[in-house]
Structure formats: C-alpha cells, structure tokens
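Down below is the structure, laid out as structure tokens.
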Amino acid sequence: MNLLDLLFPPRCVLCRRGVSGKARVCPACAAELRQQDKPCVREPIEGCMAADAALVYQGKVRRALIDCKYQNRRAIGSWGGALVGACLMRHQPQWKADLVTYVPTTLGHWWKRGFNLSYLLAKAAARYSGLPCVRTVRRKWFGRSQLKVRTAKERRKNAEQTYFPGKPSSVSGKRVVLVDDILTSGATAAACVRILRQMGATEVFFICLAKTPDIRKK
C-alpha cells in the first residue's frame, strides 16, 4: 500500500465504504448492481438509430449520481465512463461510430460543480473505445435547466429552445455517439440528436450512464 492509499484510502464510488486493491465498488454494491434489471431504452429517441444505458437510476446508483453533482464527488465519472465505454464497445461492431460527443450543461451547473458529468463520461468512454471525444452541440449559457421543468411536453419545448449547433464540420458525414448522464423523458437527447442530424451526422446513437426505471410518457 502506498502513502496516498494510507492517507486517502480507496472507497466505493457508490456507498463510500472502503475497498481493497483496484476495486471501484464494494462487494455489497456489486451484488446490488448484479440484481438490477437490465436497463432497456424501450421508448425510441426521435432521430436516433439506437440507444442504450449502462445502469438503472435507482438505489445507490441514484444516490451516487446526486452526490456526484451536488457534493463534488467526481469518482463516478471515470468509473461510469468505463461502463459507458464498455456499453459502446458492445455495440461498435454494428454502430461503427466515428466519434463520441456529449450533452452540454448550463453555466450555472458548471460554475457550481466545476465540471460537466456528461463530458467526463464521454471523455472516459472515448478513451476506453479509442474514439475521439468532440464538442459539438452548444447550449445557451442561461437556458432553463431541465430539472426545473415538470412535464414531458414542457421538457421537449425547453430542450428545443436551449440547444444549438456548434461547428458542423466536426460531425459532417460522421456516425456519432451522444453521451449523457441520465435519461428521463428523452427530450434532451432528442433535441441534441436532431441538432447533430442538422449538422450533417449520418447516424446518431445514444448512450447514458443511467436511465430512470420508467421513462415519462408523452
């Protein structure tokens, strides 16, 4: 054990219990994840060729993601990015993706947290898969957060008014994987997919770290 491990012993990214070796989750959390139903994006995302999720947004996963965003616990970024990367690699023989991109966050969230979790996930997934991670879709700095929007209809409208294209040359003629942290209604993903299509992407695929157990109906 090195000095850093003595001063800052490694902890489970989900429950913060101590772990040994290079483990990122403790045995109890690993067992809970194995018992989860396999996440499935049953409702199609408009304009998206295929979508998948690594985890279900419930239990310790939900708690860890909330702590990541509001308690500045970034460890889940690299761990979750590896899960998203593994998910991408399972599909890559069919998807044949050229690059990875991500959903941008608000200025307020970036200022409070100092990071965009979707970017951390995408960057780790890109490194895992050997694909470039490219900034594509932009977001109004002072746009209204989806967290403050209640209904699916309002979320679609807000998303359509919030995101806009970046540099079209970055995705023109490319097969793109869009990464986000959590899939709820699918409104944000659909808005970003539509923009990537407008920018010239030939195909767009979507992967998130976690999806809510029941995606909200229209």
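Counting other Cβ atoms within 10 Å, which trypsin sites (Lys or Arg not before Pro) in the stretch 33-63 have at most 15 and lie in a DSSP loop? For trypsin sites (Lys or Arg not before Pro) across the stretch 33-63 that sit outside H, G, I, E and B with at most 15 neighbouring Cβ atoms in 10 Å, the list reads Arg42. Listed cross-link partners Lys38/Lys96; Lys38/Lys167; Lys38/Lys174 are compared with a 32 Å cut-off, the Cα-Cα value being larger for Lys38/Lys167.
Once the Cα-Cα distance is subtracted from the 0.36 nm per residue extended length, the Arg17 to Ser169 segment shows a gain of 50.2 nm. Coupling constants for the stretch 126-133 follow from the phi torsions by the Karplus curve (6.51 cos²θ - 1.76 cosθ + 1.60, θ = phi - 60°), and in residue order they are 5, 5, 5, 8, x, 9, x, 9 Hz; glycine and proline get x. Taking R0 as 22 Å, what's the FRET efficiency between Asp67 and Ala31 from their Cβ-Cβ distance, rounded to 0.05? Plugging the Cβ-Cβ distance into 1/(1 + (r/R0)^6) gives 0.60. Near Leu55, the amide H atoms lying under 5 Å from its own belong to Ala210, Lys211; only residues 5 or more places off or on other chains count, and H is placed 1.01 Å from N. With q set to 0.15, 0.17, 0.22, 0.24 Å⁻¹, the log10 of I(q)/I(0) for the stretch 1-104, from the Debye formula over equal scatterers at the Cα positions, is -0.77, -0.94, -1.32, -1.43.
All of the numbers you see were taken from the coordinates with simple rules; none came from a lab. Everything numeric in this text was worked out from a predicted model, so none of it was measured. Heads up, the Cβs are rebuilt from the backbone with ideal geometry, glycines too, and the neighbour counts pull from every protein chain shown.
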